[in-house]
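Values in this text are rule-based calculations from the coordinates and carry no lab data. Computed from a prediction, not measured in an experiment: that's the story for all the values here.
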């Protein structure tokens with residue numbers, strides 16, 4: 001995951017849309033969060049993105065570090081538009097792939113069952129475990 005995310009202080013290259021970077025929360029409004037991205041300036045999470053990432057952002061306080069994905073290089077107010085939700089999802093998939101590649105067991109929370117298998121979640125990603133892949137002790 002190290003090669004996917006970049007520390008804000010380590011890069012002098014201009015940011016690219018789709019890049020995941022680490023920043024520091026420097027301010028909160030009623031419906032916005034400001035993130036210091038170092039040499040790149042300030043990023044903002046607001047509007048629809050703020051509402052979509054509400055669960056992530058309600059835990060975030062000023063001075064907390066936060067991974068964000070760059071959505072737009074400059075909005076009407078001159079800020080980089082960033083997404084905490086998209087970064088969180090992409091990082092979750094990277095972690096799952098790393099666990100799969102290493103052969104590590106993945107802990108899931110079972111949400112329900114149907115005749116085809118189990119519905120589960122792990123790292124915020126919904127999953128389906130087919131009954132053909134389960135032993136009778138687990139179903």
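Using a Gaussian network model of the chain whose springs link C-alpha atoms within less than 10 Å, name the residue from 96, 123, 12 with the highest mean-square fluctuation.
Of 96, 123, 12, the most mobile in the Gaussian network model is 12.
Would you kindly state how much longer the chain becomes between residue 104 and residue 54 on full extension, computed as 0.36 nm times their sequence separation minus their alpha carbon distance, in nm to one decimal?
Details: separation 50, 0.36 × 50 = 18.00 nm, distance 3.08 nm.
Difference between extended and current length: 14.9 nm.
Could you work out the relative contact order of the chain? I mean the mean sequence separation of Cα pairs under 8 Å and 6+ apart, divided by the number of residues, in percent. Please report the intermediate quantities before stating the final value.
Working: 234 pairs, mean separation 23.9, N = 139.
Value for the chain: 17 percent.
Between 98, 49, 90, find the one with the highest GNM mean-square fluctuation for the chain; connect C-alpha pairs within less than 10 Å.
Comparing 98, 49, 90 in the GNM, the peak value goes to 98.
Using a Gaussian network model on the chain with a 10 Å cutoff between Cα atoms, which of 39, 75, 105 fluctuates the most?
Answer for the Gaussian network model of the chain: 105.
As a check on your grasp of the helix formula, calculate [θ] at 222 nm for the chain: sum -39500 (n - 2.57) over DSSP H runs of n ≥ 4, divide by the residue count, round to the nearest 500. Walk me through the numbers on the way to the answer.
On the way: 3 runs with 29 residues, N = 139.
Only helices count here, giving -6000 deg cm²/dmol.
Would you kindly state how much longer the chain becomes between residue 77 and residue 97 on full extension, computed as 0.36 nm times their sequence separation minus their alpha carbon distance, in nm to one decimal?
Working: separation 20, 0.36 × 20 = 7.20 nm, distance 3.73 nm.
Difference between extended and current length: 3.5 nm.
On C-alpha positions alone, give me the angle between the axis of helix 84-102 and the longest principal axis of the chain, in degrees, nearest 10.
Approximately 40 degrees, to the nearest ten.
Restricting things to Cα coordinates, could you compute the convex hull volume per residue of the chain in Å³? Write down the numbers at each step before the final one.
Working: hull volume 18.9 nm³, N = 139.
So the per-residue Cα hull volume is 136 Å³.
What number, in nm² with one decimal, is the all-direction average of the projected area of the convex hull of the alpha-carbon atoms of region 41-122?
Working: hull surface 32.1 nm².
Taking the Cα atoms of region 41-122, their convex hull projects to 8.0 nm² on average.
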